[in-house]
1. Please count how many residues of region 204-262 are closer than 21 Å to Ala108 by Cβ, at pLDDT below 95 and of a type in the set (D, E, K, R).
2. For region 35-88, give me each residue that is of a type in the set (Val, Ile, Thr) and either under 13 Å from the mean Cα position of the chain (by Cα) or at pLDDT below 95 (or both).
3. Conditions first: (1) at pLDDT below 95; (2) under 22 Å from Ala130 (Cβ atoms); (3) basic (Lys, Arg). Lys94 passes all but one, so which condition is the exception?
4. Kindly provide the set of residues from region 10-20 that are touching a residue at least 24 places away in the same chain (Cβ under 8 Å) and either within 26 Å of Ala278 (Cα to Cα) or under 19 Å from the mean Cα position of the chain (by Cα) (or both), ordered by number.
5. Residues of region 254-276 being aliphatic (A, V, I, L, M) and more than 20 Å from the chain's Cα centre (by Cα), which ones?
6. Taking interchain pairs and intrachain pairs at least six residues apart, which have beta carbon atoms under 8 angstrom, with the first residue in region 27-46 and closer than 10 Å to Glu81 by Cβ and the second aliphatic (A, V, I, L, M) and assigned to a strand (DSSP E or B)?
7. Could you tell me which of the residues Ala183, Ala148 is at pLDDT below 80 and surrounded by fewer than 15 Cβ atoms within 10 Å (Cβ to Cβ)?
8. All but one of (1) touching a strand residue (DSSP E or B) at 6+ places or on another chain (Cβ under 9 Å); (2) surrounded by fewer than 24 Cβ atoms within 10 Å (Cβ to Cβ) hold for Lys94; which doesn't?
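The values are calculated or read from the model by the stated rules, or taken from the named source; none is laboratory data. Computed from a prediction, not measured in an experiment: that's the story for all the values here. Every residue, glycine as well, gets a Cβ built from its backbone with ideal geometry; the counts of neighbours run over all protein chains shown.
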Amino acid sequence: MFAMERPLFARDGADWPLREHSRFVDAGGLSWHVQRLGAGPNLLLLHGAGGATHSWRGLAPLLAPRFDVLAMDLPGHGFSEPSRTEVSIPGMAKAVAALLTAERFAPAVVVGHSAGAAIAAQLCLEGAIAPGAFVGINAALTPFPGVAGVLFPPLARLMALNPLFPRLFSWSADREAVARLIAGMGSRLDTRGLELYARLLSKSGHCAGTLAMMANWRLDKLAIDLPKLAPPALLIVGAKDRAVPPADAGRVASGLKGARVVEIAGVGHLAHEEKPEAVAALI
């Protein structure tokens with residue numbers, strides 16, 4: 001009765017950033033939208049909840065002269081099909097591992113933004129990948145503090161299970177609403193960036209995929225296992241991030257051997273979109 005409208009590449013991706021590097025890959029029972037560009041050691045990019053490959057539109061071309069860069073829309077996001085199984089951290093990691101196998105892509109470096117960093121860490125801890133470096137950008141690696149940690153996943157689950165909610169959210173996702181949402185995370189994007197997020201969030205299928213991911217996000221076990229992370233970690237934080245407290249990076253780094261934290265002034269949760277040159281230089 002309430003069919004979800006998914007973004008269509010032929011329509012919504014006609015002017016998609018880095019479209020010339022886009023293709024579709026079947027892996028793990030899903031059709032994935034991937035982008036691959038550059039040459040050199042393999043570098044994997046994993047976006048956060050609500051994002052897609054457009055999130056790397058400024059960063060990926062800066063990395064391509066030094067790396068063979070692979071980015072994808074996570075299941076249920078952008079132009080990739082939604083998962084037919086759970087979208088927990090282990091579930092997402094398993095799906096990404098299937099894609100990497102299909103692409104014969106063994107990352108020398110893995111870069112994850114926000115929730116994407118949790119997927120990257122899970123892949124490393126499970127031995128699905130063995131990169132020489134782990135980079136987290138405003139990495140969401142620890143449970144939400146206080147009441148938010150208790151209420152957030154169940155609330156997201158209720159919204160995800162109600163087919164009306166993604167539709168209602170998508171109807172309200174114009175550029176002004178998206179600008180307020182992103183400002184609430186401490187970030188400011190240009191007109192093009194806001195339009196791309198608004199384009200995705202205006203589709204109920206993308207909203208449903210985002211809510212499903214958030215509803216199944218359990219960081220407790222990952223936080224316990226995180227000290228076993230093998231590759232040296234670089235944690236990049238935006239000083240103005242309101243989504244993941246910048247202080248979290250210091251606490252995570254204190255439990256990791258060889259980890260360091262670098263703060264970028266004047267940016268929020270979408271640091272890599274606001275100052276891609278600074279993030280590329282650190283990587």
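1. 1
2. Residues satisfying the conditions are Thr53, Thr85, Val87.
3. (1)
4. Step one: list which residues in region 10-20 are touching a residue at least 24 places away in the same chain (Cβ under 8 Å), which gives 12-13, 16-18.
Correct list: Gly13, Trp16, Pro17, Leu18.
5. Here is the first cut: in region 254-276, the ones aliphatic (A, V, I, L, M) are 256, 259, 261-262, 264-265, 267, 270-271.
Across region 254-276, the qualifying residues are Leu256, Ala259, Ala265.
6. Between residues of region 27-46 that are closer than 10 Å to Glu81 by Cβ and residues that are aliphatic (A, V, I, L, M) and assigned to a strand (DSSP E or B), the close pairs are Ser31/Val25; Trp32/Val25; Trp32/Met72; His33/Met72.
7. Numbers: Ala183 fails: at pLDDT below 80.
Exactly one of Ala183, Ala148 is at pLDDT below 80 and surrounded by fewer than 15 Cβ atoms within 10 Å (Cβ to Cβ), namely Ala148.
8. (1)
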